[in-house]
Amino acid sequence: MKAMLIFLLSSLMSFSCIAGSTVIISTLEMKEGKRFWNSNKFSIYLNIERHFQKKLLSEYNDLKFVHAATFKEIISELQNVKNENIFFIEHGGIGTEKAGISIESSIFDVNLTPIQQIFFKAHSKLKFLAIISCNSQQILEKTSLIHKLKFPKDMMLIDFNSKIEIYKGIDEAINSYKNQTEKSIEYSNNNTDNLDNEYVKIMLRKQYNQIQLPSIISINKKNYGFFLNSSSGLEFFLPSELLKNKFFTIEDDRGNYDLNSKIDFGVIYSVEAEGYNCTIKPELNSKNELIGVTKHYYKVFCDIY
């Protein structure tokens, strides 16, 4: 029996030391607020690990398990920027893997320390957080409202609004994680080098004949920057779809400076776009002069190399 206990302990620790981007944290070991080891709890720990490994077979080497987790251990994993996905399993009934996961009004660590607030301290790049605990949705919503806390903007959160059994909760969380991952892979496959495909770096250059007045560049009523001088030019990014159209219009607005004067505030003469050949044509009146006193308009035509 002692040999078996040592084997199980060494197996558990080998799983727990795997470093990776997906972490499974549990606070399932609890008795009067103190840690203890027994064969029933080892069985649950190992079954949970095997369950995750079976469901996430392709990510086996990236799974890290932290059992009987304390407040300090949990906050450490939440703030570890190497962790992209975290599954948290709350403590519940002892001695059976079918036991429901507690909680009444709080989420606890292994020592029964309330920890619901620390989930909001997760690092900003965390992609996925599942809190597998009874009524975790209501607990987190109440905590967020009282303490004015928010989760990272782009993080996917899985929580529960009723009593949930361990493995049912785990399966629901894993399925949500897989769906998110599959959509991310599909998007990535359909959008190779997403940033390069979606946005194109643009450089505008301007020639001044008189005073160099600052002006605002806008396209489709969206401001993209200020022209301050002729030497630096103006660099910004445009959606690639805009360049694939027949043309787009640039508005150069000097504002309300000296409305009674036709001060020359420069002419945009060049448009450079990565991967495109672009030409720019100012909108002129019948006298071949730029149309507008405070605003000038240009049409830009681009073709892919």
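Structure summary
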quantity	calculated
Number of the exception - Gly33 against (1) modelled with pLDDT under 60; (2) at negative phi; (3) of a type outside the set (Lys, Arg)	(2)
Any hit, the range 80-101, residues being outside any strand (DSSP E or B), among the acidic types (Asp, Glu) and modelled with pLDDT of 90 or more	yes
Cβ pairs under 7 Å, 6+ apart, first in the range 267-296 and under 19 Å from Tyr199 (Cβ atoms), second basic (Lys, Arg)	Glu274/Lys201
Selection status of Leu157, in contact with a Pro (Cβ under 6 Å, 6 or more places away or on another chain) and within 23 Å of Lys178 (Cα to Cα)	no
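For every residue, the table says whether it meets (1) among the small types (Gly, Ala, Ser); (2) at pLDDT below 85; (3) not in a strand (DSSP E or B).
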residue	(1), (2), (3)
Ser231	yes, yes, yes
Phe237	no, yes, no
Gly255	yes, yes, yes
Asp264	no, yes, yes
Ser270	yes, no, no
Asn277	no, no, no
Lys281	no, no, no
Lys287	no, no, yes
His296	no, no, no
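Matching residues to (1) touching a helix residue (DSSP H, G or I) at 6+ places or on another chain (Cβ under 6 Å); (2) in a strand (DSSP E or B); (3) of a type in the set (Ser, Thr, Tyr); (4) not assigned by TED's automatic domain parsing to the domain that holds Lys82:
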| residue | (1), (2), (3), (4) |
| --- | --- |
| Phe119 | no, no, no, no |
| Leu126 | no, no, no, no |
| Thr143 | yes, no, yes, no |
| Tyr167 | no, no, yes, no |
| Asp171 | no, no, no, no |
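The values are calculated or read from the model by the stated rules, or taken from the named source; none is laboratory data. All values derive from a computational prediction rather than experimental measurement. Quick reminder, even Gly has a Cβ in these numbers, built from the backbone with ideal geometry, and neighbours come from all protein chains shown.
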